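Peer 1: Okay, here's the structure, questions in a sec.
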Amino acid sequence: MKIVDQLREGDKRAAAKLISMIEDDDPGATAALAEIFPHTGKAHIVGLTGPPGVGKSSLINRLVREYRERSKKVGVVAVDPTSPFTGGAVLGDRIRMADTGSDPGVFIRSMATRGHSGGLALATFDAVKVLDAYGMDIVFVETVGAGQSEVDIASRAHTTVVVQMPQSGDSVQALKAGILEIGDIYVVNKMDLGGGDTMASNLDFMLEERQGWRPPVVQTAALDGRGTKELADALTKHYRFLKRGPLWRGREADRARKELFESMRHLLAETFSDDTAGIGFEETVGAIVARKTDPRTAARKLLKGLKLPR
Amino acid sequence: MPKKIRILIAKPGLDGHDRGAKVVARALRDAGMEVIYTGLRQTPEDIVEAAIQEDVDAIGLSSLSGAHMALLPEVVKLLRKRKAADILVAAGGIIPDEDVRKLKKAGIKAVFGPGTPLAEIVEFFRSAAQ
């Protein structure tokens, strides 16, 4: 495909257009993704998650500059929520990343969560693949870590960074399910606020070694850049640990398993939301409303005669 | 899935008055569009770079500093240079009538002064994306 050739030649616009095709579920996206897939798998994918306002974008801005100084090309996919009522979104993560300006070695893309039928993670990581094939050495994925889908995205990265800040709840907050289990690296940002030392040592006390990796707690202040270097070093260390250790193959298989499953679910969802498949979806809805059948039985029946879209 | 309309709202130049830009961003969001808001003090280069990376259909520039003649046509020029002239540019803010004509001549598709109904701006961007 022409767009893939352009992307491989370093055409920024082609990369941006391809991400839009993925987001819009354009029919050409599947073929393009198939073509770029052999060129992926080279970038270090880092997921950053944490509550809104904790400083994820500012931290990424610092990291982008740090990695540029280390002569690495950097991609960013920043995910913000779509309004469930209007379908619109205001994507503001670029505000905090403004000083990367027009550096040719940086590509930042804002994504809205939209109503992705096959799961948000699928579209997000397809966008990551575009940046990977485009030649980025490291790609950051930023999500608001408030719900299951965001945790899912973060955990799909090679390295997951959980960002916290001081004065945001006692040590029991950190015990809540998910937080302590998903991070490979923990960051206490906004150290300039005070109270960060307590937060960091509380976190550190509760973290345990998992499969040979003890998650470090890195203290940062994105405001003045404190701790950026240490965080970048921790990221590199974790990537090396994975790549050289016994976990790599298993993790890759996990990721492939999830993506395959999600792609199947996406195909199914597409089939159903697009009633041209002629499987009698709407008629079945009517039958359920009329109590002539129930959803579980009807689902089995519909899936039996299923024809997938081309 | 129908193609989503994506709009970049940016403030070139040095004034810090972004209320207008935010009101417009919100109106476009409520009309179901995806608005990438890049914040204050952007150079024309930054704006064009962001527009390309974000693959937007159009750019809305807010200017209240009086520097519009220096900054706005530059955005159009840079878009042409980057072969992205299909991305339309509109402006809003305090812009004298005699400058409006000059800006339009320089390739700014629309200029929205104070008091423009939001519906009119939404409609402009909707048709710009077609």
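The values are calculated or read from the model by the stated rules, or taken from the named source; none is laboratory data. What you see is a predicted model, and the numbers here were worked out from it, not measured in a lab. FYI the Cβ positions are ideal-geometry reconstructions off the backbone, even for glycines, and counts take in every protein chain you see.
Peer 1: Condition first: of a type in the set (A, V, I, L, M, F, W, C), closer than 16 Å to A:Asp132 by Cβ and crowded, with 22+ Cβ neighbours inside 10 Å. Now tell me which residues in the stretch A:37-51 satisfy that.
Peer 2: Within the stretch A:37-51, the first condition is being of a type in the set (A, V, I, L, M, F, W, C), and the residues that meet it are A:37, A:43, A:45-46, A:48.
Those left that are additionally closer than 16 Å to A:Asp132 by Cβ: A:37, A:43, A:45-46.
Answer for the stretch A:37-51, where residues must be of a type in the set (A, V, I, L, M, F, W, C), closer than 16 Å to A:Asp132 by Cβ and crowded, with 22+ Cβ neighbours inside 10 Å: A:Ala43, A:Ile45, A:Val46.
Peer 1: Just the residues that are of a type in the set (A, V, I, L, M) and either buried (at least 24 other Cβ atoms within 10 Å of the Cβ) or at pLDDT 95 or above (or both), please, taken from the stretch A:129-152. Spell out the reasoning first.
Peer 2: Applying the first criterion (of a type in the set (A, V, I, L, M)) to the stretch A:129-152 yields A:130-131, A:133, A:136, A:138-139, A:141, A:144, A:146, A:151.
Scanning the stretch A:129-152 gives A:Val130, A:Leu131, A:Ala133, A:Met136, A:Ile138, A:Val139, A:Val141.
Peer 1: Might you check whether a residue that is more than 30 Å from A:Pro84 (Cα to Cα), at the interface with chain A (Cβ under 10 Å from one of its Cβ atoms) and touching a residue at least 12 places away in the same chain (Cβ under 8 Å) occurs anywhere in the stretch B:59-82? Give the steps one after another, and end with the answer.
Peer 2: Applying the first criterion (more than 30 Å from A:Pro84 (Cα to Cα)) to the stretch B:59-82 yields B:63-82.
Subset that is at the interface with chain A (Cβ under 10 Å from one of its Cβ atoms): B:78, B:82.
When the remaining residues are screened for being touching a residue at least 12 places away in the same chain (Cβ under 8 Å), the result is B:78, B:82.
Within the stretch B:59-82, one or more residues are more than 30 Å from A:Pro84 (Cα to Cα), at the interface with chain A (Cβ under 10 Å from one of its Cβ atoms) and touching a residue at least 12 places away in the same chain (Cβ under 8 Å).
Peer 1: Follow-up. Does at least one position in the stretch A:66-82 carry a residue that is within 18 Å of A:Pro104 (Cβ to Cβ), without any contact (Cβ under 8 Å) to a residue 60 or more places away in the chain and either crowded, with 24+ Cβ neighbours inside 10 Å or basic (Lys, Arg) (or both)?
Peer 2: yes
Peer 1: Which of (1) touching a His at 6+ places or on another chain (Cβ under 9 Å); (2) surrounded by fewer than 17 Cβ atoms within 10 Å (Cβ to Cβ) does B:Leu61 not meet, given it meets every other one?
Peer 2: Here B:Leu61 clears every test but (2).
Peer 1: Let me ask something else about it. Working only within the stretch B:14-51, note down all residues that are in a helix (DSSP H, G or I), over 14 Å from A:Asp99 (Cβ atoms) and either at the interface with another protein chain (Cβ under 8 Å from one of its Cβ atoms) or of a type in the set (Asp, Glu) (or both).
Peer 2: Once the filter is applied, which keeps residues that are in a helix (DSSP H, G or I), over 14 Å from A:Asp99 (Cβ atoms) and either at the interface with another protein chain (Cβ under 8 Å from one of its Cβ atoms) or of a type in the set (Asp, Glu) (or both), the stretch B:14-51 yields B:Ala25, B:Arg26, B:Leu28, B:Arg29, B:Asp30, B:Val48.
Peer 1: Hey, another quick one. Looking at the stretch A:25-114, what strands (runs of 3 or more DSSP E) fall wholly within it and have at least 1 residues that are closer than 17 Å to B:Ala10 by Cβ and within 14 Å of chain B (Cβ to nearest Cβ)?
Peer 2: On the way: elements: A:44-50, A:74-80, A:89-91, A:106-112.
Per the criteria, A:74-80, A:89-91, A:106-112.
Peer 1: Being buried (at least 16 other Cβ atoms within 10 Å of the Cβ) and free of Cβ contacts under 8 Å to residues at least 12 places away in the same chain narrows it down to one residue among B:Gln42, B:Gln53; which is it? Before you say what the answer is, go through the steps one by one.
Peer 2: Numbers: B:Gln42 fails: free of Cβ contacts under 8 Å to residues at least 12 places away in the same chain.
Testing whether each residue is buried (at least 16 other Cβ atoms within 10 Å of the Cβ) and free of Cβ contacts under 8 Å to residues at least 12 places away in the same chain leaves just B:Gln53.
Peer 1: A further question follows. May I ask you to list the residues in the stretch A:105-128 that are more than 11 Å from the chain's Cα centre (by Cα) and at pLDDT 85 or above?
Peer 2: If the condition is that a residue be more than 11 Å from the chain's Cα centre (by Cα) and at pLDDT 85 or above, then A:Gly105, A:Val106, A:Phe107, A:Ile108, A:Arg109, A:Ser110, A:Ala112 are the ones that fit.
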